[in-house]
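Here the structure is laid out as structure tokens; the discussion comes afterwards.
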Amino acid sequence: MAEILPIGGGKGGVGKSFISANLAALLARRGRRVVLLDLDLGGSNLHTFLGIRTPRDGINSFLNKNINSLELAAVPTQISNLAFISSVHCPIDIANLWHAQKAKLINAIRRLPFDYVLLDIGAGTHFNTLDFYLTAEKGIIVCAPEPTSIENAFRFIKAAYLRKIKLIIKQHAFHPKVKDAVVDAAQQQLGAAEIFDIVVRYDPGREMLLRESISRFQFKFVLNQVRKNGDPLLGEKMKNVCNRHFSSQFHFLGNIAYDERVSDSIVSKTLFTVQYPDAAASADLAAIAGQLNQKKSVSQRLCEVP
Ligand SMILES: Nc1ncnc2c1ncn2[C@@H]1O[C@H](COP(=O)(O)OP(=O)(O)O)[C@@H](O)[C@H]1O
Ligand SMILES: [Mg+2]
């Protein structure tokens, strides 16, 4: 089964697309079959990072039933083993995708026949953005070491966490009072703690199910655009704060150095790690790809045990 890696973070301009494109290429160069999806439906630009000038219609063709499988929307890239699915031809209001279309797309993403499926997620906390992020049991959070970016990352985590709790409750036979509370949660401004209180009160037998399900979800931090004088412990500190406040698991994958040549690589439509393989930022990205790939190798080895 493919390992799905959604890459979000709440704020625009922090480097989600830069990291998605380069991590996908690095995993592909390790011999994995990788597909990269542009799920920033209102602001697709991932093709430019890959040097694709006129991307073929991808997600839009699939949603409009011009093709009957999402796999057919994947096009090869200049990197061997790396395919790409664009959303650039989706209509302007596509970020408001209706429920059936979103469910169809998410189900199709889960069935893509690759080793890795990387999802470049848009900014903000719209529920469609959160649902793309929650396609798998883990997701990457990209954050720049600036207060605005950290604020937006925490806001995104809080929203994704709450959305995950609601999805778990909707998928299971919780007491009607719990289901009603979740449906009305936005109006009543209920947070995760209030929802847990309602579960304890009306459906104590399922409290454990909720806690175990939410504790399986993993958020993996990446700090991008880190300058030499930055706080070297910021990523670990963010991880520790989140582990204290939420029941999900938080990990820190590492820093990616700020490099002014990132902009040059985007202008010349060449992947940064291809153009500047010896840069510190390329080494940082390679180390993160190595960590992600290592976990895959361990789980693959476990599957191979007779
Ligand atoms: N490590 C980095 N060093 C320097 N600039 C970066 C780095 N990562 C991203 N950038 C800059 O930030 C801009 C936004 O990156 P992008 O990946 O498009 O963000 P997002 O997808 O989160 O909106 C890029 O145009 C690039 O110039
Ligand atoms: Mg982007």
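Every number in this text was worked out from the coordinates using simple rules, so none of it is lab data. Everything numeric here is computed off the predicted structure, so don't read it as measured data.
For residue 252, what residues show an amide H to amide H distance below 5 Å, using hydrogens built from the backbone and excluding near sequence neighbours?
Under 5 Å from the amide H of residue 252 lie the amide H atoms of 221, each far enough along the sequence or on another chain.
What are the ³J(HN,Hα) couplings of the stretch 83-92, residue after residue, when phi is run through the Karplus curve with 6.51, -1.76, 1.60 and θ = phi - 60°? Round to Hz, x for glycine and proline.
10, 9, 10, 8, 10, 5, 8, 5, x, 4
Return one quarter of the surface area of the convex hull spanned by the alpha-carbon atoms of the chain, equal to its mean projected area, in nm².
On the way: hull surface 67.9 nm².
If you wrap the Cα atoms of the chain in a convex hull and average its projections, you get 17.0 nm².
Helix 16-29 versus the longest principal axis of the chain: what is the Cα-based angle in degrees, 0 to 90, to the nearest 10?
Result, in degrees: 70.
Applying the Karplus parametrisation 6.51 cos²θ - 1.76 cosθ + 1.60 with θ = phi - 60° to the phi angles of the stretch 10-15, what ³J(HN,Hα) value in whole Hz is obtained for each residue in order, glycine and proline being reported as x?
x, 9, x, x, 7, x
For the stretch 195-249, take the convex hull of the Cα atoms, compute a quarter of its surface area, and give me that in nm², please.
Hull-based average projected area comes out at 4.5 nm².
Run the Debye formula on the Cα coordinates of the stretch 38-90, all scatterers equal and no solvent, and tell me log10 I(q)/I(0) at q = 0.20, 0.24, 0.28 1/Å.
So the normalised log intensities work out to -0.64, -0.89, -1.14.
Under the rule of -39500 (n - 2.57) per DSSP H run of 4 or more residues, summed and divided by the residues of the chain, what mean residue ellipticity at 222 nm is obtained, to the nearest 500 deg cm²/dmol?
Calculated at 222 nm, the ellipticity per residue is -14500 deg cm²/dmol.
Principal axis extents for the stretch 231-298, Cα atoms only, whole Å, descending order, please.
Cα spread of the stretch 231-298 along its principal axes, largest to smallest: 43, 31, 18 Å.
Could you work out the mean projected area of the convex hull around the alpha carbons of the stretch 114-239, in square nanometres to one decimal?
Result: 9.4 nm².
How large are Rg and Dmax for the stretch 149-223 when calculated on the C-alpha trace, in angstrom?
13.0, 41
Using the Karplus curve 6.51 cos²θ - 1.76 cosθ + 1.60 with θ = phi - 60°, work out ³J(HN,Hα) for each residue of the stretch 199-208 in order, rounded to whole Hz, and write x for Gly and Pro.
5, 4, 6, 9, 9, x, x, 9, 4, 5
If you average the alpha carbon positions of the stretch 42-60 and of the stretch 102-166, how far apart do those two centres end up, in angstrom?
That distance is 19 Å.
Based on C-alpha coordinates, I'd like the Rg and Dmax of the stretch 160-306, in Å.
Using the Cα atoms of the stretch 160-306, the pair Rg, Dmax is 20.9, 59 Å.
May I ask for the percentage of alpha-carbon pairs in the stretch 48-163 that lie more than 22 Å from each other?
Every Cα pair in the stretch 48-163 considered, those over 22 Å come to 40 percent.
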